[in-house]
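The values are calculated or read from the model by the stated rules, or taken from the named source; none is laboratory data. Here the structure is a predicted model, which is why all the values come from computation and not from measurement. No Cβ is skipped: glycine too gets one built from the backbone with ideal geometry, and neighbour counts run over all protein chains shown. Remember, those area values only see protein heavy atoms, side chains included, never the ligands or the DNA or RNA. Shrake-Rupley method; radii C 1.70, N 1.55, O 1.52, S 1.80 Å.
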Amino acid sequence: MCRVYNTIGCLNTLQIQLIRYNADHFHTLNELINFRKNYRANEEQIIADHSLFIEEEKTSLEKDIAELNLAIPQKKIDLEEQLKQKLDDLNLEIEYLPETHSRIIPTIKDYWFNLVICIKFWLVQLKFHFDILHFNYQAKKLLSKKSKQLEYLSSHFQDAVNESCFPDIQALEKKKEIVENLNNTIYGAIGEQKVETALKKLSNDYILINDFCCSFNPPIYNKNNKDHIHSIQIDHLLLSPAGIFLIETKNWNNNSINNPDFRSPVQQILRTNFALYKMLNNELGSLNKNFARQYWGNRKVPIKNVIVFTNNKPIEQFEFVKIVTLDELLPYIKYFDASFLNDEIEMVAEFLLKFSEQRKNRSRLSA
């Protein structure tokens, strides 16, 4: 199987954006697509869940109110029983006061014990009345709150549902907005995934570098366009016994193909080809001594340009660029005769991987 380096470019971009917007809970591209397709169903499910929640809250409030109406008088009875028990305990304390045969000490003790017990009687009754007042206040407050909530839920049920589900609906809409903005990247990732899957079927003589990105300092002067190339990016860079294949993937429909505002993939791949050719010419000389038959002269590394259309394919053909469908890709690659040994492919791959600048991401999303 073909050896693969780097994540496909659009998938890598999706990972970066999902992390950036705190939406990194999708695991696959299919989950992203299904989320868009099932948005309305998800919204309806949220509303249904919160409707059930409000119904359950109503039932719970009715139960709580009924229990409170029973508990309030019972609590008063319990408090009265507690007071009676406390007073009985104090009366027992009086009965079991110790006796003394002294004349002065008993008088002082009696006075003191009577004073303490009177204070206890007074405090117990005061605490009881306070407990009753506090309980009545708290119980009426709670009962009033629950009654008002039940009345609101009963008379404004839909408003209550809307208020309850608002945060979840808002979060769902935000997620939808994020996914919608990434729509082109999602379908780009699907196309690139299909191409990667096809290329993986090649033997281990082939090495695939996905999303090959490289910057140049100083920039490369492009005499054809009379400008400077600061960086390049190609969807798939395939190193093969026949040379290097620059493969650009387009998962376009006919509208996209005929849209003049879209950047020309032909110009893009030709620009990349020129920059890569210059880079290899400038840097690969040091490796030529390791090539077989290098004594004939410096070896040329053939670079072929391929644009794969995974959806619709334009009818036009272009100079220096091969336009193919997904089914035509592998036969086209295998058509060319081998001119490099495995060790030579390894050397070129090692050289190019040093320039690969793909950013690594820790994301849940995978192909």
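Residues in the stretch 170-185 that are assigned to a helix (DSSP H, G or I) and open to solvent by less than 20 Å² (accessible area, probe 1.4 Å) were compared, and the one that is nearest to residue 253 (Cα to Cα) is 179. Residues in the stretch 257-272 that are surrounded by fewer than 16 Cβ atoms within 10 Å (Cβ to Cβ) and assigned to a helix (DSSP H, G or I): 267 only.
Within the set 117, 132, 108, the sole residue that is touching an Asp or Glu at 6+ places or on another chain (Cβ under 9 Å), modelled with pLDDT under 70 and either in a helix (DSSP H, G or I) or closer than 30 Å to residue 59 by Cα (or both) turns out to be 117. Among the residues of the stretch 7-51, those that are over 29 Å from residue 213 (Cβ atoms) and loosely packed, with under 12 Cβ neighbours inside 10 Å comprise 37, 40, 41, 44. Can you find a residue that is of a type in the set (A, V, I, L, M, F, W, C) and either open to solvent by 70 Å² or more (accessible area, probe 1.4 Å) or modelled with pLDDT of 65 or more (or both) anywhere in the stretch 96-103? No, the conditions are met nowhere in the stretch 96-103. Contact map, the stretch 141-168: residues that are assigned by the TED database to the domain that holds residue 68 paired with residues that are open to solvent by 50 Å² or more (accessible area, probe 1.4 Å) and polar (S, T, N, Q), Cβ distance under 8 Å, separation 6+ or inter-chain. Pairs shown: 143/69. Do we find a residue being within 30 Å of residue 25 (Cα to Cα) and out of contact with any strand residue (DSSP E or B) (no Cβ under 6 Å at 6 or more places or on another chain) anywhere in the stretch 223-236? The answer is no; no qualifying residue exists. Across the stretch 218-235, the qualifying residues are those that are without any contact (Cβ under 8 Å) to a residue 12 or more places away in the chain and within 17 Å of residue 357 (Cα to Cα), and the one among them that is surrounded by the most Cβ atoms within 10 Å (Cβ to Cβ) is 219. For the stretch 1-56, the set of residues classified as touching a residue at least 40 places away in the same chain (Cβ under 8 Å), of a type in the set (Gly, Ala, Ser) and not in a loop (DSSP other than H, G, I, E, B) consists of 9, 51, listed by residue number.
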